[in-house]
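To keep things clear, I will list the structure first and then write my remarks on it.
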Amino acid sequence: MEAGSTCSGARRRQNKTWKRITQTQSLCSYWLQRADRHVSSSFARHLKACRLAASEWAAIRQLYRPNRMSPVEIAQTIGMTKGGASKLVDRLVKKGFAIKRVGEFDRRFRTVELTEAGRSLVPRFARFVDNTDREIFGNLKRRRRVLRTLKRVVHARRQKKRVDTWHVLSATTQHSRFRAGSSEFP
C-alpha cells in the first residue's frame, strides 16, 4: 500500500451511487435509429445489385429531371461537399449512369445528365422506395403525421444550432472585445 492510502478510501470509490438514467429501449431516438438501419439495409441490398451506393442513388434521383445540373448543384441538393459530389459524378459516369458535358459558353462549367440506363433505373427504384414507405408507415394519414413529426425534429435541431452558434459567436466577440482592452464591459 502507498503511504497515506487507506482501505476505507478504496471502499468509498466502490460505493458510488449511480444516478438513474432512461433505458435505451424507451427512447424514440433508439427506435428511429433501429428503423433506419432496418430500412437502409434492405434498400442497400437492392442498390448493391445495381452496383450503386446510397449517395449515388440520391444523385441519380436528383438528376431525374428535364434540366441538367452542375456537380455543385448536386452537392447542395444531396448535402455533400463539392469535391465529394465531383467524385460521385465521376463514378456515375464510369458506371454508365450519367454523362458530364462541358458548358457551351464557359468551358470551365460542367453539366451532368442521366444516360438512358440511369433514367430507366430511377422509376424502378422509386417504386421500391414508395412501396417500402407504404408498407412500413401504413396509410397516408399516418405517414403524413410521421413525416410532419420528423420534419419538426430536423427543423428544431437546425434552429437550435443557429441559436447556439449565434450565442457562441456573440460570446466570443464580446470576450475578444473585452480582452482587447476596451473600456466597455460586455
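The values are calculated or read from the model by the stated rules, or taken from the named source; none is laboratory data. As the structure is a prediction and not an experimental result, all values here were calculated from the model. With ideal geometry, Cβ positions are generated from the backbone for all residues, glycine too; neighbour counts draw on all protein chains shown. Just the protein is used for accessible areas: all its heavy atoms, side chains included, with ligands, DNA and RNA removed. Shrake-Rupley method; radii C 1.70, N 1.55, O 1.52, S 1.80 Å.
Calculated FRET efficiency, Phe128 and Arg20, Cβ-Cβ r, R0 35 Å, to nearest 0.05?
For Phe128 and Arg20, the calculated efficiency is 0.20.
Once neighbouring chains are kept in place and the probe is 1.4 Å, which whole percent of the accessible area of the stretch 70-146 is contributed by carbon and sulfur?
On the way: 2730 of 5250 Å².
Heavy-atom surface of the stretch 70-146 belonging to carbon and sulfur, 1.4 Å probe: 52 percent.
Taking only C-alpha pairs under 8 Å that are 6+ residues apart, what is the relative contact order of the stretch 27-126 in percent?
Across the stretch 27-126, relative contact order equals 23 percent.
Quick one: if you take sqrt(5λ) for each eigenvalue of the C-alpha gyration tensor of the stretch 74-160, what semi-axes come out, biggest first, whole angstrom?
33, 20, 10
Quick one: order Cys28, Cys50 from most to least accessible surface, probe 1.4 Å.
Of Cys28, Cys50, the descending order of accessible area is Cys28, Cys50.
Can you order the peptides 83-94, 54-65 by their average number of other Cβ atoms within 10 Å per residue, highest first?
Working: 83-94: 16.9, 54-65: 18.5.
Sorting 83-94, 54-65 by mean packing, highest first, produces 54-65, 83-94.
Let me see the pair-distance distribution of the stretch 1-154: every alpha carbon pair, 10 Å bin width, integer percents in order.
9, 26, 24, 15, 8, 7, 7, 3, 0
For the stretch 15-58 and the stretch 70-144, compute the distance between their C-alpha centroids and round to whole Å.
Rounded to whole Å, the Cα centres lie 23 Å apart.
Counting pairs of alpha carbon atoms under 8 Å apart in space and at least six apart in sequence, what relative contact order in percent does the stretch 80-132 give?
25 percent
Rounded to the nearest 10 Å², what accessible area does Phe128 have for a 1.4 Å probe in the complete protein model?
Phe128 exposes around 50 Å² with every protein chain in place.
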